[in-house]
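The values are calculated or read from the model by the stated rules, or taken from the named source; none is laboratory data. What you are looking at is a predicted structure, and each value in this text was computed from that prediction instead of being measured. Ideal geometry is used to build each Cβ from the backbone, glycine not excepted, and the neighbour counts take in all protein chains shown. To get the accessible areas, we keep the full protein, side chains included, count just its heavy atoms, and leave off ligands, DNA and RNA. Shrake-Rupley method; radii C 1.70, N 1.55, O 1.52, S 1.80 Å.
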Number of protein chains: 2
Amino acid sequence: MKTAFILAAALMALPAIARDSSPPPPSPGELVAGAAADEWVTILPDDLLVMDLAPDARGPRRVFIQLIAPPYSQPWTANVRTLAKAGWWDGLAIVRSQDNYVVQWGDPDAEDAGKAKALPKGMHATTEQGYVRQLDAVAMLIDPCGDRSHVPATWLCDAYAPGATFRSGWPIATDGVREWPVHCYGTVGVGRGMSPDAGTGAELYAVIGHAPRHLDRNIAVVGRVIEGMEHLSTLPRGTEALGFYATPAERTPIVSMRLASELPAADRPRFEYLSTEVITFARYADARANRRDPFFIAPAGGADVCNIPVPVRRAP
Amino acid sequence: MKTAFILAAALMALPAIARDSSPPPPSPGELVAGAAADEWVTILPDDLLVMDLAPDARGPRRVFIQLIAPPYSQPWTANVRTLAKAGWWDGLAIVRSQDNYVVQWGDPDAEDAGKAKALPKGMHATTEQGYVRQLDAVAMLIDPCGDRSHVPATWLCDAYAPGATFRSGWPIATDGVREWPVHCYGTVGVGRGMSPDAGTGAELYAVIGHAPRHLDRNIAVVGRVIEGMEHLSTLPRGTEALGFYATPAERTPIVSMRLASELPAADRPRFEYLSTEVITFARYADARANRRDPFFIAPAGGADVCNIPVPVRRAP
């Protein structure tokens, strides 16, 4: 993509009039709309969570969460499936809403050994090491703005790692030796206590603000909200420390949280994402990084990995 | 700050036990709390907007917006002051709320020449050129991940420019020849039509999601929300294209929008921001980029300019 950035930089030097002398280039949305059917990947029912919050004055509140693909965070995604199949979250609540940070849900009594809800059988143990996919035995120190000559030119510039790219439909950061999923808007991660507690997956949060990339490699990413995000992002903010709600009445009840695979076949939502390994995604990412549609005057010449959201749609 | 990043990367190699062998390093918040009184800068009443939205079930909704410092966007900030002094926004409304993008307010009839509200006298003309502060006559092409040897090592790595830093309390991106304010969470900018329309300042928006940095150098940044952001970020999302509300009833009325300098002295809110030119800010920025407080396992070794919010507080 680097080459494209340089071309875009050259475009910036064109006078405004030149922008009118040819049909406008396609916008990112137009490129996605033109993707071939076989460039879309079905999201499997076992990779899709359906969370129903108690309805509000505006109606039902259903949130869809896609679980992250292997090899990332597998002990946690396995636990999340186990918890969903057990109906563990049913009757629990959203306990925290912190502006420009996260909304968090789980057991309000999780900290009270006497009242905490028991976890189902078959949960996997989790460790810090699970956060990062080790590509080989040697760890490279991270210096985001250092020499990038050892990383592929197609990686995106990143302020938190030598490079960022996409794998199997997910944004990742990498130093060429390790790679790890990143925290973007809508990312779902695993709440935990102080290290070495790595969290079980029972306490989850969704990012509702600017990408908190400092959480990368510190917390397990298990998925992302793909529809219904507004039901989380517009929740009233909590007034206690970290945005926890001051009273139980302020919490939003979770009616149920299930895997799509547990729903009757006729009721299963069907989503697909644009493969990140196809040419249309590369064109889309380039268009996000170099906006040339008519509204724009100066293409940026780059974009951060969280500003290139992987397109997701309802299956036609 | 580059050196600090490298040191932080070295810290990452320490075994977990080493983190417990000495008192924990201060968190970003602890560093800010320890700032000296003379490291804080008063926000002047002419640089502070007070926007009162119609109260909702939870009570009053007051939003405070700091206008950006010279030399950035001065024709627009001058217009915003003129509009506030004329009470131009009073009785108008928030017309748009698009998830992970912006909330926008102004005249719902702005597009209808017959009904559009007349602007006050004394408005400045605005042009695209005003978006960018030209540091000298020659423009450098932007290649964010290219050779950074020509930019100061203290600049932050940035995916949208050769570097990013802070000036007079504001995050900016720069290529060493030009510099421009950036779009972060809470940034307030000027709505406009297609270029060469640069907007007057009468239609404003606030960013409620991940930093839309592709708007940098395309739209004039006039300020940032410094308190009351939750009153904008939690507004119901609009269901029409771009998050516009489908019906007038869905819009949130603006009761009044004034400069603090127009309020009776006793009623004036008093805020201050941490100077970005003092050592405490540098230590705070480094701590944001290299989280070493006990919760964290792996300091990132970097941060993007929007993940280092300039601290703002009520004046003691």
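So what are the ³J(HN,Hα) numbers for the range A:265-276, from phi and the Karplus equation (6.51, -1.76, 1.60; θ = phi - 60°), rounded to whole Hz, Gly and Pro as x?
3, 5, 8, 6, x, 10, 10, 9, 10, 6, 3, 8
For B:G193, what is the net charge nearby, where nearby means another residue's Cβ is under 11 Å from its Cβ and Lys, Arg count +1, Asp, Glu -1?
Here the charged neighbours net out to -2.
Along Cα→Cβ, 7 Å out, is where each label goes; now give me the distance between the ones at A:E111 and A:R167 in nm to one decimal.
With each label placed 7 Å out from Cα toward Cβ, I get 3.6 nm.
Pick from B:V50, B:V32, B:V225: which residue has the top mean-square fluctuation in a GNM of chain B where Cα pairs under 10 Å get a spring?
Greatest mean-square fluctuation among the candidates belongs to B:V32.
Taking chain B as the reference, fit the longest principal axis to its C-alpha atoms, fit the long axis of helix B:74-85 to the helix C-alpha atoms, and give the angle between the two in degrees, 0 to 90, nearest 10.
Tilt relative to chain B: about 50 degrees.
Taking all protein chains as present, what is the carbon and sulfur share of the accessible area of the range B:246-316, in % to the nearest whole number, probe 1.4 Å?
Carbon plus sulfur share of accessible area: 54 percent.
Summarise the accessible area of the range A:154-227 (1.4 Å probe, protein heavy atoms) by the percent that is carbon and sulfur.
On the way: 720 of 1290 Å².
Percent of accessible area from carbon and sulfur atoms in the range A:154-227: 56.
Residue by residue through the range B:240-248, which ³J(HN,Hα) values in whole Hz follow from phi under the Karplus form 6.51 cos²θ - 1.76 cosθ + 1.60 (θ = phi - 60°), with glycine and proline marked x?
7, 3, 6, x, 5, 6, 6, 9, x
For Cα pairs less than 8 Å apart in space and 6+ apart in sequence, what is the mean separation divided by the residue count of chain B, i.e. the relative contact order in percent?
Reported as a whole number, the value is 30 percent.
Find every distance from the label point of A:G176 to the corresponding label point in the other copies (7 Å from Cα along Cα→Cβ) and write them in nm, one decimal, shortest first.
Copy-to-copy label distances for A:G176: 2.3 nm.
Taking a probe of 1.4 angstrom, what is the accessible area of B:F281 in Å², to the nearest 10?
Accessible area, nearest 10 Å²: 10 Å².
Distances longer than 33 Å among the Cα atoms of chain B: what percent of all pairs is that?
Of all Cα-Cα pairs in chain B, 30 percent lie more than 33 Å apart.
How fast does the range A:219-272 diffuse by Stokes-Einstein, in µm²/s, taking the Kirkwood radius from C-alpha pairs at 25 °C and 0.890 mPa s?
172
If amide H atoms are built 1.01 Å from N in the plane of the peptide, which residues on other chains or at least 5 residues away come under 5 Å of the amide H of B:V222?
B:V188, B:G189, B:V190
With each pseudo-label sitting 7 Å past Cα toward Cβ, what's the B:T127-A:S149 distance in nm, one decimal?
Label-label distance for B:T127 and A:S149, simple model: 4.3 nm.
What whole number of Å gives the distance from the Cα centroid of the range B:246-312 to the Cα centroid of the range A:157-227?
24
Against the longest principal axis of chain B, how steep is helix B:2-11, in degrees 0 to 90 to the nearest 10, with axes from Cα atoms?
So the inclination is approximately 60 degrees.
Could you put A:Y273, B:Y72 in order of accessible surface area, largest first, with the 1.4 Å probe and the full protein assembly present?
Values: A:Y273 30, B:Y72 5 Å².
Of A:Y273, B:Y72, the descending order of accessible area is A:Y273, B:Y72.
Defining the label point at 7 Å along Cα→Cβ, can you sort the distances from A:A153 to the same site in each other copy, shortest first, in nm?
Spacings between copies for this position, smallest first, are 2.8 nm.
Compute the angle between helix A:279-289 and the longest alpha-carbon principal axis of chain A, please, reported from 0 to 90 degrees and rounded to the nearest 10.
It is inclined by approximately 90 degrees.
Please work out the average accessible area per residue across the range B:242-316, using the 1.4 Å probe convention, and give it in Å².
42
Return the value, in Å² to the nearest 100, of accessible area buried between chains B and A (probe 1.4 Å, both sides summed). Intermediate results must be reported in sequence, preceding the final value.
Details: alone 15230 and 15260 Å², together 25390 Å².
Separately minus together, B and A give about 5100 Å² buried.
Points 7 angstrom from Cα along the Cβ direction at A:D197 and B:T42: gap in nanometres?
Those two pseudo-labels are separated by 4.5 nm.
Counting only the heavy atoms of the protein chains, how much of A:R268 is accessible to a 1.4 Å probe, in Å² to the nearest 10?
80
Enter the accessible area per residue of the range A:15-110 (Å², integer; probe 1.4 Å; all protein chains in place).
Per residue, the range A:15-110 has 42 Å² of solvent-accessible surface.
Once the label point is placed 7 Å from Cα along Cβ, list for B:G59 the distances to the corresponding points in the other copies, in nm, shortest first.
3.3
Would you mind checking which residues have amide H under 5 Å from B:G163's amide H? H placed 1.01 Å from N; only 5 or more apart, or other chain.
Here the answer is B:T174, since their amide H atoms fall under 5 Å of that of B:G163.
Once amide H atoms are built 1.01 Å from N in the peptide plane, which residues 5 or more positions from B:D90, or in another chain, come under 5 Å H to H?
B:M257
Per residue, what volume in Å³ does the Cα convex hull of the protein assembly as shown take up?
Expressed per residue, the convex hull around the Cα atoms of the protein assembly as shown is 169 Å³.
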